[in-house]
Amino acid sequence: MQEQAIPLVLAGRDLMAGAQTGTGKTAAFALPILQLLAPASSTSASPARHPVRALILTPTRELAVQVAASFAEYGKNLPLRSTVVYGGVDMNAQILQLRKGVEILVATPGRLLDHVQNKTVMFNQVSMLVLDEADRMLDMGFLPDIKRIIALLPKQRQNLLFSATFPDEIRNLAKSLLTNQAEIQIAARNAVADLVSHIVHPVAREKKRELLSYLIQTRGLHQVLVFTGTRIGANRLAHQLRKDHIQCDAIHGDKTQAEREAALDDFKSGKIAVLVATDVASRGLDIEGLPQVINFDVPHSPEDYVHRIGRTGRAGLTGEAISLVSPEDSEAMTAIERLIKKKIDSVLVAGFQPGGTSVAGMMSGRNAAPRREREGGRERAPERERHQERRPTPRAPQAERMHNTNADPIFSKPYQPGTAPAANTTEKPVEPQQHSGRKKPSQVAALLGGLKRA
(Lines give C-alpha, C1' and ligand atoms only; values in the text may rest on other atoms or scores of the structure.)
Protein backbone atom coordinates (compact mmCIF):
# COMPACT_ATOMS: atom_id res chain seq x y z
CA MET A 1 0.00 0.00 0.00
CA GLN A 2 2.69 2.49 0.98
CA GLU A 3 4.80 1.67 -2.08
CA GLN A 4 1.93 2.43 -4.44
CA ALA A 5 0.12 5.23 -2.57
CA ILE A 6 2.94 7.51 -1.46
CA PRO A 7 4.20 8.46 -4.97
CA LEU A 8 0.64 9.23 -6.11
CA VAL A 9 -0.04 11.46 -3.08
CA LEU A 10 3.27 13.28 -3.55
CA ALA A 11 2.29 13.88 -7.17
CA GLY A 12 -0.87 15.69 -6.02
CA ARG A 13 -3.33 13.07 -7.30
CA ASP A 14 -6.68 12.40 -5.67
CA LEU A 15 -6.66 8.84 -4.43
CA MET A 16 -9.10 6.07 -3.60
CA ALA A 17 -7.15 3.30 -1.91
CA GLY A 18 -8.44 0.00 -0.55
CA ALA A 19 -6.54 -2.81 1.12
CA GLN A 20 -7.05 -5.46 3.72
CA THR A 21 -6.60 -4.18 7.23
CA GLY A 22 -3.16 -4.23 8.82
CA THR A 23 -1.28 -3.21 5.68
CA GLY A 24 -0.22 0.25 6.85
CA LYS A 25 -2.80 2.62 5.39
CA THR A 26 -2.10 5.30 8.03
CA ALA A 27 1.55 5.69 7.06
CA ALA A 28 0.51 5.66 3.39
CA PHE A 29 -1.17 9.05 3.82
CA ALA A 30 0.58 10.46 6.92
CA LEU A 31 4.12 10.33 5.54
CA PRO A 32 3.43 12.12 2.22
CA ILE A 33 1.23 14.72 3.95
CA LEU A 34 4.09 15.59 6.30
CA GLN A 35 6.51 15.83 3.38
CA LEU A 36 4.17 18.07 1.35
CA LEU A 37 3.42 20.42 4.25
CA ALA A 38 6.96 20.63 5.69
CA PRO A 39 8.44 23.18 3.21
CA ALA A 40 5.85 25.81 4.14
CA SER A 41 6.00 25.14 7.89
CA SER A 42 6.95 27.90 10.29
CA THR A 43 8.88 27.98 13.54
CA SER A 44 6.95 31.05 14.63
CA ALA A 45 4.83 30.78 17.78
CA SER A 46 2.05 32.87 16.21
CA PRO A 47 -1.17 30.84 15.73
CA ALA A 48 -1.74 32.70 12.45
CA ARG A 49 1.38 31.01 11.05
CA HIS A 50 -0.10 27.57 11.79
CA PRO A 51 -3.49 27.33 10.04
CA VAL A 52 -5.25 24.02 9.47
CA ARG A 53 -3.92 22.72 6.15
CA ALA A 54 -4.65 18.99 6.36
CA LEU A 55 -7.90 17.57 7.74
CA ILE A 56 -8.23 13.85 8.51
CA LEU A 57 -11.69 12.49 9.37
CA THR A 58 -12.09 9.14 11.16
CA PRO A 59 -15.21 7.29 12.35
CA THR A 60 -14.22 6.48 15.94
CA ARG A 61 -12.41 8.13 18.83
CA GLU A 62 -9.93 5.27 19.12
CA LEU A 63 -8.92 5.52 15.48
CA ALA A 64 -8.63 9.31 15.71
CA VAL A 65 -6.25 9.03 18.68
CA GLN A 66 -4.22 6.39 16.88
CA VAL A 67 -3.90 8.42 13.67
CA ALA A 68 -2.94 11.55 15.62
CA ALA A 69 -0.28 9.56 17.48
CA SER A 70 1.16 8.42 14.14
CA PHE A 71 1.41 12.02 12.89
CA ALA A 72 3.07 13.08 16.14
CA GLU A 73 5.61 10.24 15.92
CA TYR A 74 6.42 10.60 12.21
CA GLY A 75 6.64 14.40 12.40
CA LYS A 76 8.39 14.81 15.77
CA ASN A 77 11.42 16.47 14.11
CA LEU A 78 9.32 18.86 12.02
CA PRO A 79 7.90 22.26 13.11
CA LEU A 80 4.43 21.15 12.00
CA ARG A 81 1.75 21.08 14.71
CA SER A 82 -1.01 18.48 14.95
CA THR A 83 -3.86 17.73 17.31
CA VAL A 84 -6.97 15.58 17.58
CA VAL A 85 -10.58 16.42 18.49
CA TYR A 86 -13.27 13.86 19.33
CA GLY A 87 -16.38 13.57 21.44
CA GLY A 88 -16.83 12.18 24.93
CA VAL A 89 -14.37 14.58 26.52
CA ASP A 90 -14.42 18.24 27.54
CA MET A 91 -14.02 20.67 24.65
CA ASN A 92 -12.02 23.32 26.53
CA ALA A 93 -8.67 21.52 26.25
CA GLN A 94 -9.28 20.98 22.55
CA ILE A 95 -10.16 24.66 22.09
CA LEU A 96 -6.86 25.70 23.71
CA GLN A 97 -4.91 23.47 21.31
CA LEU A 98 -6.78 24.82 18.29
CA ARG A 99 -6.21 28.43 19.35
CA LYS A 100 -2.45 27.81 19.43
CA GLY A 101 -2.64 26.89 15.74
CA VAL A 102 -2.29 23.46 14.12
CA GLU A 103 -1.49 22.48 10.55
CA ILE A 104 -2.77 18.90 10.84
CA LEU A 105 -6.16 18.23 12.44
CA VAL A 106 -7.48 14.72 13.06
CA ALA A 107 -11.16 14.63 14.03
CA THR A 108 -14.37 12.69 14.30
CA PRO A 109 -17.16 14.37 12.28
CA GLY A 110 -19.58 15.12 15.12
CA ARG A 111 -17.10 16.86 17.42
CA LEU A 112 -15.56 18.75 14.50
CA LEU A 113 -18.97 20.25 13.69
CA ASP A 114 -19.28 21.25 17.35
CA HIS A 115 -16.08 23.27 16.96
CA VAL A 116 -17.37 24.74 13.69
CA GLN A 117 -20.51 25.89 15.48
CA ASN A 118 -18.42 27.44 18.26
CA LYS A 119 -16.16 29.09 15.66
CA THR A 120 -13.03 27.56 17.18
CA VAL A 121 -11.73 26.13 13.90
CA MET A 122 -11.29 27.59 10.41
CA PHE A 123 -10.95 25.70 7.12
CA ASN A 124 -10.10 28.48 4.65
CA GLN A 125 -6.54 27.18 4.10
CA VAL A 126 -7.20 23.43 4.04
CA SER A 127 -5.39 21.92 1.05
CA MET A 128 -5.68 18.20 1.89
CA LEU A 129 -8.65 16.10 3.03
CA VAL A 130 -8.43 12.47 4.14
CA LEU A 131 -11.42 10.22 4.78
CA ASP A 132 -10.08 7.26 6.73
CA GLU A 133 -12.25 4.13 7.06
CA ALA A 134 -14.79 5.80 4.80
CA ASP A 135 -17.11 2.79 4.71
CA ARG A 136 -17.29 2.71 8.49
CA MET A 137 -18.29 6.38 8.57
CA LEU A 138 -21.05 5.52 6.15
CA ASP A 139 -22.21 2.61 8.35
CA MET A 140 -22.28 4.88 11.42
CA GLY A 141 -24.46 7.47 9.69
CA PHE A 142 -21.80 10.17 9.29
CA LEU A 143 -22.42 10.80 5.60
CA PRO A 144 -24.58 13.95 6.18
CA ASP A 145 -21.94 15.35 8.57
CA ILE A 146 -19.18 14.63 6.08
CA LYS A 147 -21.06 16.45 3.34
CA ARG A 148 -21.55 19.47 5.66
CA ILE A 149 -17.82 19.54 6.40
CA ILE A 150 -16.83 19.18 2.74
CA ALA A 151 -19.09 22.14 1.88
CA LEU A 152 -17.00 24.31 4.23
CA LEU A 153 -13.65 23.44 2.61
CA PRO A 154 -11.92 25.25 -0.25
CA LYS A 155 -12.80 23.84 -3.66
CA GLN A 156 -9.17 23.43 -4.64
CA ARG A 157 -7.70 20.67 -2.51
CA GLN A 158 -6.35 17.13 -2.67
CA ASN A 159 -8.73 14.36 -1.55
CA LEU A 160 -7.68 10.93 -0.25
CA LEU A 161 -10.06 8.08 0.59
CA PHE A 162 -8.60 5.14 2.50
CA SER A 163 -10.58 2.13 3.60
CA ALA A 164 -10.51 -1.63 3.91
CA THR A 165 -13.62 -1.92 1.71
CA PHE A 166 -15.44 0.31 -0.78
CA PRO A 167 -19.17 -0.42 -1.00
CA ASP A 168 -21.18 1.16 -3.78
CA GLU A 169 -22.31 4.10 -1.61
CA ILE A 170 -18.71 5.15 -1.01
CA ARG A 171 -17.95 4.84 -4.70
CA ASN A 172 -20.84 7.20 -5.42
CA LEU A 173 -19.41 9.67 -2.90
CA ALA A 174 -15.99 9.35 -4.50
CA LYS A 175 -17.42 10.26 -7.92
CA SER A 176 -18.67 13.58 -6.56
CA LEU A 177 -15.56 14.23 -4.46
CA LEU A 178 -12.51 13.10 -6.43
CA THR A 179 -11.03 14.54 -9.62
CA ASN A 180 -8.13 13.16 -11.65
CA GLN A 181 -8.15 10.27 -9.24
CA ALA A 182 -6.05 7.16 -9.02
CA GLU A 183 -7.37 3.94 -7.53
CA ILE A 184 -5.37 1.33 -5.64
CA GLN A 185 -6.76 -2.06 -4.65
CA ILE A 186 -4.09 -4.08 -2.87
CA ALA A 187 -6.41 -7.03 -2.20
CA ALA A 188 -9.81 -8.10 -3.46
CA ARG A 189 -12.79 -6.28 -1.97
CA ASN A 190 -13.75 -7.70 1.44
CA ALA A 191 -10.72 -10.01 1.41
CA VAL A 192 -9.27 -11.31 4.64
CA ALA A 193 -5.61 -11.63 5.57
CA ASP A 194 -4.00 -14.81 4.29
CA LEU A 195 -2.18 -15.34 7.57
CA VAL A 196 -5.40 -15.57 9.61
CA SER A 197 -6.80 -19.04 10.25
CA HIS A 198 -10.57 -19.38 10.69
CA ILE A 199 -12.42 -21.87 12.86
CA VAL A 200 -16.02 -22.38 13.96
CA HIS A 201 -17.04 -24.07 17.21
CA PRO A 202 -20.70 -25.18 17.06
CA VAL A 203 -22.25 -24.69 20.50
CA ALA A 204 -25.66 -24.50 22.16
CA ARG A 205 -26.58 -20.88 22.69
CA GLU A 206 -26.84 -21.19 26.48
CA LYS A 207 -23.36 -22.76 26.67
CA LYS A 208 -21.44 -20.07 24.79
CA ARG A 209 -20.06 -18.38 27.90
CA GLU A 210 -18.93 -21.70 29.40
CA LEU A 211 -17.20 -22.65 26.15
CA LEU A 212 -15.46 -19.27 25.97
CA SER A 213 -14.10 -19.69 29.50
CA TYR A 214 -13.08 -23.27 28.70
CA LEU A 215 -11.13 -22.22 25.58
CA ILE A 216 -9.37 -19.35 27.35
CA GLN A 217 -8.35 -21.44 30.36
CA THR A 218 -7.48 -24.76 28.72
CA ARG A 219 -5.57 -23.20 25.83
CA GLY A 220 -3.88 -20.61 28.03
CA LEU A 221 -4.99 -17.71 25.84
CA HIS A 222 -3.43 -14.53 27.22
CA GLN A 223 -4.48 -11.77 24.80
CA VAL A 224 -7.95 -12.23 23.31
CA LEU A 225 -10.30 -9.68 21.75
CA VAL A 226 -13.90 -10.93 22.11
CA PHE A 227 -16.75 -9.34 20.13
CA THR A 228 -20.37 -9.18 21.25
CA GLY A 229 -23.38 -7.74 19.48
CA THR A 230 -24.60 -5.33 22.19
CA ARG A 231 -23.24 -3.07 24.90
CA ILE A 232 -25.29 -4.81 27.59
CA GLY A 233 -24.02 -8.15 26.34
CA ALA A 234 -20.42 -6.92 26.55
CA ASN A 235 -20.84 -5.80 30.16
CA ARG A 236 -22.59 -9.02 31.16
CA LEU A 237 -19.99 -11.24 29.51
CA ALA A 238 -17.08 -9.35 31.09
CA HIS A 239 -18.72 -9.72 34.51
CA GLN A 240 -19.22 -13.46 34.00
CA LEU A 241 -15.64 -13.98 32.87
CA ARG A 242 -14.34 -12.19 35.95
CA LYS A 243 -16.41 -14.58 38.05
CA ASP A 244 -14.54 -17.36 36.24
CA HIS A 245 -11.27 -15.76 37.47
CA ILE A 246 -10.35 -14.39 34.04
CA GLN A 247 -8.92 -10.86 34.03
CA CYS A 248 -10.96 -8.86 31.54
CA ASP A 249 -12.67 -5.55 30.81
CA ALA A 250 -15.24 -4.24 28.33
CA ILE A 251 -15.09 -1.44 25.78
CA HIS A 252 -18.15 0.03 24.04
CA GLY A 253 -20.01 3.26 23.28
CA ASP A 254 -21.53 3.66 26.76
CA LYS A 255 -18.07 3.87 28.34
CA THR A 256 -16.49 7.28 28.81
CA GLN A 257 -13.48 8.04 26.67
CA ALA A 258 -11.21 7.78 29.72
CA GLU A 259 -12.62 4.33 30.54
CA ARG A 260 -12.19 3.15 26.96
CA GLU A 261 -8.60 4.34 26.80
CA ALA A 262 -7.77 2.80 30.18
CA ALA A 263 -9.25 -0.58 29.16
CA LEU A 264 -7.35 -0.54 25.86
CA ASP A 265 -4.08 0.39 27.58
CA ASP A 266 -4.54 -2.41 30.14
CA PHE A 267 -5.17 -4.86 27.31
CA LYS A 268 -2.15 -3.79 25.28
CA SER A 269 0.12 -3.94 28.34
CA GLY A 270 -1.08 -7.41 29.34
CA LYS A 271 -2.70 -6.32 32.59
CA ILE A 272 -5.92 -7.97 31.40
CA ALA A 273 -6.08 -11.09 29.23
CA VAL A 274 -9.46 -10.51 27.58
CA LEU A 275 -11.06 -7.38 26.15
CA VAL A 276 -14.78 -7.70 25.40
CA ALA A 277 -15.86 -5.21 22.76
CA THR A 278 -18.72 -4.19 20.51
CA ASP A 279 -18.06 -3.20 16.91
CA VAL A 280 -16.77 0.18 18.10
CA ALA A 281 -13.40 -1.63 18.33
CA SER A 282 -13.61 -3.51 15.04
CA ARG A 283 -12.17 -0.75 12.88
CA GLY A 284 -8.84 0.96 13.02
CA LEU A 285 -7.47 -0.40 16.30
CA ASP A 286 -3.87 -1.51 15.93
CA ILE A 287 -3.05 -3.95 18.72
CA GLU A 288 0.45 -5.19 18.09
CA GLY A 289 0.77 -8.96 17.82
CA LEU A 290 -2.84 -9.74 18.73
CA PRO A 291 -3.03 -13.56 18.41
CA GLN A 292 -6.80 -14.26 18.65
CA VAL A 293 -10.13 -12.67 17.87
CA ILE A 294 -13.26 -14.49 19.07
CA ASN A 295 -16.76 -13.79 17.78
CA PHE A 296 -18.93 -14.53 20.82
CA ASP A 297 -21.87 -13.15 18.84
CA VAL A 298 -21.70 -13.76 15.11
CA PRO A 299 -22.05 -10.39 13.32
CA HIS A 300 -25.21 -9.81 11.30
CA SER A 301 -23.24 -8.06 8.56
CA PRO A 302 -20.62 -10.20 6.80
CA GLU A 303 -18.48 -7.10 6.26
CA ASP A 304 -18.27 -6.65 10.04
CA TYR A 305 -16.71 -10.11 10.26
CA VAL A 306 -13.93 -8.96 7.93
CA HIS A 307 -13.21 -5.91 10.06
CA ARG A 308 -13.44 -7.73 13.38
CA ILE A 309 -10.90 -10.38 12.46
CA GLY A 310 -8.74 -7.70 10.85
CA ARG A 311 -7.47 -6.89 14.34
CA THR A 312 -5.32 -10.05 14.17
CA GLY A 313 -2.88 -11.24 11.51
CA ARG A 314 -1.51 -7.72 11.02
CA ALA A 315 1.88 -6.60 9.70
CA GLY A 316 2.88 -10.06 8.49
CA LEU A 317 2.03 -11.90 11.73
CA THR A 318 -0.23 -14.93 11.98
CA GLY A 319 -3.59 -14.80 13.75
CA GLU A 320 -6.63 -16.88 14.60
CA ALA A 321 -10.31 -16.02 14.17
CA ILE A 322 -12.66 -18.14 16.31
CA SER A 323 -16.46 -17.99 16.05
CA LEU A 324 -18.86 -19.54 18.56
CA VAL A 325 -21.82 -20.52 16.40
CA SER A 326 -25.20 -21.67 17.70
CA PRO A 327 -27.80 -23.21 15.36
CA GLU A 328 -29.57 -19.88 14.84
CA ASP A 329 -26.27 -18.33 13.59
CA SER A 330 -25.94 -20.73 10.66
CA GLU A 331 -27.42 -18.37 8.05
CA ALA A 332 -25.10 -15.54 9.11
CA MET A 333 -22.07 -17.84 8.86
CA THR A 334 -23.13 -18.96 5.39
CA ALA A 335 -23.26 -15.31 4.30
CA ILE A 336 -19.79 -14.73 5.78
CA GLU A 337 -18.32 -17.72 3.95
CA ARG A 338 -19.90 -16.49 0.73
CA LEU A 339 -18.37 -13.03 1.18
CA ILE A 340 -14.84 -14.16 2.04
CA LYS A 341 -15.00 -17.04 -0.48
CA LYS A 342 -13.74 -19.50 2.09
CA LYS A 343 -15.23 -22.57 3.74
CA ILE A 344 -14.53 -22.34 7.47
CA ASP A 345 -13.66 -25.54 9.30
CA SER A 346 -16.08 -26.61 12.04
CA VAL A 347 -14.69 -28.28 15.18
CA LEU A 348 -16.88 -29.70 17.94
CA VAL A 349 -15.71 -29.30 21.52
CA ALA A 350 -16.79 -32.24 23.69
CA GLY A 351 -19.54 -31.29 26.10
CA PHE A 352 -20.55 -28.11 24.28
CA GLN A 353 -22.05 -29.39 21.03
CA PRO A 354 -25.61 -28.21 20.27
CA GLY A 355 -27.06 -31.73 20.29
CA GLY A 356 -26.90 -32.08 16.51
CA THR A 357 -30.03 -29.98 16.09
CA SER A 358 -30.15 -28.11 12.81
CA VAL A 359 -32.07 -24.99 11.93
CA ALA A 360 -34.59 -27.14 10.07
CA GLY A 361 -35.00 -29.31 13.15
CA MET A 362 -35.66 -26.30 15.32
CA MET A 363 -38.24 -24.98 12.94
CA SER A 364 -40.06 -28.30 12.88
CA GLY A 365 -39.96 -28.28 16.68
CA ARG A 366 -41.57 -24.86 16.69
CA ASN A 367 -44.25 -25.99 14.27
CA ALA A 368 -45.10 -28.89 16.57
CA ALA A 369 -46.23 -26.49 19.28
CA PRO A 370 -50.02 -26.17 19.83
CA ARG A 371 -51.71 -24.10 17.14
CA ARG A 372 -53.01 -20.69 18.13
CA GLU A 373 -55.81 -18.85 16.42
CA ARG A 374 -56.03 -15.11 15.95
CA GLU A 375 -58.88 -13.26 17.60
CA GLY A 376 -59.15 -9.48 17.50
CA GLY A 377 -55.41 -9.01 17.10
CA ARG A 378 -54.67 -11.38 20.01
CA GLU A 379 -53.88 -15.05 20.14
CA ARG A 380 -56.49 -17.42 21.52
CA ALA A 381 -56.37 -21.14 22.07
CA PRO A 382 -58.60 -23.50 20.06
CA GLU A 383 -62.02 -24.14 21.56
CA ARG A 384 -61.20 -27.51 23.11
CA GLU A 385 -58.06 -26.14 24.74
CA ARG A 386 -59.96 -23.21 26.26
CA HIS A 387 -62.42 -25.63 27.88
CA GLN A 388 -59.51 -27.60 29.29
CA GLU A 389 -58.04 -24.46 30.80
CA ARG A 390 -61.35 -23.77 32.62
CA ARG A 391 -61.77 -27.35 33.85
CA PRO A 392 -61.32 -27.52 37.66
CA THR A 393 -58.64 -30.21 37.49
CA PRO A 394 -56.24 -30.49 40.42
CA ARG A 395 -53.26 -28.18 40.09
CA ALA A 396 -49.78 -29.56 39.55
CA PRO A 397 -46.84 -28.26 41.58
CA GLN A 398 -45.23 -25.08 40.22
CA ALA A 399 -42.19 -26.92 38.89
CA GLU A 400 -44.48 -29.28 36.95
CA ARG A 401 -46.64 -26.56 35.46
CA MET A 402 -43.83 -24.38 34.04
CA HIS A 403 -41.33 -25.54 31.45
CA ASN A 404 -37.68 -25.64 32.36
CA THR A 405 -36.34 -22.08 32.35
CA ASN A 406 -32.77 -23.27 32.13
CA ALA A 407 -33.36 -24.97 28.81
CA ASP A 408 -33.25 -23.23 25.47
CA PRO A 409 -36.83 -22.04 24.80
CA ILE A 410 -36.52 -23.24 21.22
CA PHE A 411 -36.25 -26.83 22.38
CA SER A 412 -38.67 -26.64 25.37
CA LYS A 413 -42.14 -28.13 25.07
CA PRO A 414 -44.99 -25.89 26.20
CA TYR A 415 -47.01 -26.89 29.21
CA GLN A 416 -50.16 -28.82 28.23
CA PRO A 417 -53.12 -27.99 30.51
CA GLY A 418 -54.93 -30.94 32.04
CA THR A 419 -51.99 -33.36 31.77
CA ALA A 420 -50.49 -32.84 35.23
CA PRO A 421 -50.72 -35.73 37.71
CA ALA A 422 -53.56 -35.54 40.21
CA ALA A 423 -52.72 -34.07 43.59
CA ASN A 424 -52.84 -36.33 46.63
CA THR A 425 -56.10 -35.94 48.56
CA THR A 426 -58.19 -38.00 50.96
CA GLU A 427 -61.45 -36.25 50.21
CA LYS A 428 -64.06 -38.00 48.07
CA PRO A 429 -65.25 -36.08 45.03
CA VAL A 430 -68.71 -34.57 45.20
CA GLU A 431 -71.28 -36.86 43.56
CA PRO A 432 -73.36 -35.14 40.88
CA GLN A 433 -77.05 -34.51 41.71
CA GLN A 434 -79.64 -36.39 39.62
CA HIS A 435 -82.75 -34.35 40.60
CA SER A 436 -84.34 -32.49 37.72
CA GLY A 437 -86.57 -30.20 39.82
CA ARG A 438 -85.84 -27.44 42.34
CA LYS A 439 -83.57 -28.65 45.16
CA LYS A 440 -84.74 -28.56 48.74
CA PRO A 441 -83.03 -26.05 51.08
CA SER A 442 -81.34 -28.89 52.99
CA GLN A 443 -79.94 -30.25 49.75
CA VAL A 444 -78.65 -26.83 48.69
CA ALA A 445 -76.92 -26.33 52.05
CA ALA A 446 -75.29 -29.76 51.87
CA LEU A 447 -74.08 -29.09 48.30
CA LEU A 448 -72.62 -25.68 49.21
CA GLY A 449 -70.83 -27.20 52.16
CA GLY A 450 -69.30 -29.87 49.98
CA LEU A 451 -68.13 -27.30 47.43
CA LYS A 452 -66.60 -25.19 50.18
CA ARG A 453 -64.61 -28.16 51.46
CA ALA A 454 -63.46 -28.99 47.95
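The values are calculated or read from the model by the stated rules, or taken from the named source; none is laboratory data. The shown structure was predicted, so the numbers you read here are calculated from the model rather than taken from an experiment. Glycine gets a Cβ as well: all are built from the backbone with ideal geometry, and neighbour counts include every protein chain shown.
Listing for the model above:
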{"quantity": "Unique match (being surrounded by fewer than 20 Cβ atoms within 10 Å (Cβ to Cβ), within 34 Å of the chain's Cα centre (by Cα) and among the acidic types (D, E)) among E62, E73", "calculated": "E73"}
{"quantity": "Any chance I272 is of a type in the set (A, V, I, L, M, F, W, C), within 20 Å of S70 (Cα to Cα) and either in contact with a helix residue (DSSP H, G or I) (Cβ under 7 Å, 6 or more places away or on another chain) or surrounded by 20 or more Cβ atoms within 10 Å (Cβ to Cβ) (or both)", "calculated": "no"}
{"quantity": "Search result, residues across the stretch 11-30 that are touching a helix residue (DSSP H, G or I) at 6+ places or on another chain (Cβ under 6 Å), in a helix (DSSP H, G or I) and surrounded by 19 or more Cβ atoms within 10 Å (Cβ to Cβ)", "calculated": "T26, A28, A30"}
{"quantity": "Boolean, V200 is under 18 Å from the mean Cα position of the chain (by Cα) and in the same structural domain as E288 (by TED's automatic domain parsing)", "calculated": "no"}
{"quantity": "Which numbered condition S41 fails, given (1) surrounded by 15 or more Cβ atoms within 10 Å (Cβ to Cβ); (2) among the polar types (S, T, N, Q); (3) without any contact (Cβ under 8 Å) to a residue 40 or more places away in the chain", "calculated": "(3)"}
{"quantity": "Extreme residue, farthest from V65 (Cα to Cα), among residues of the stretch 112-159 that are surrounded by fewer than 13 Cβ atoms within 10 Å (Cβ to Cβ) and within 25 Å of the chain's Cα centre (by Cα)", "calculated": "P144"}
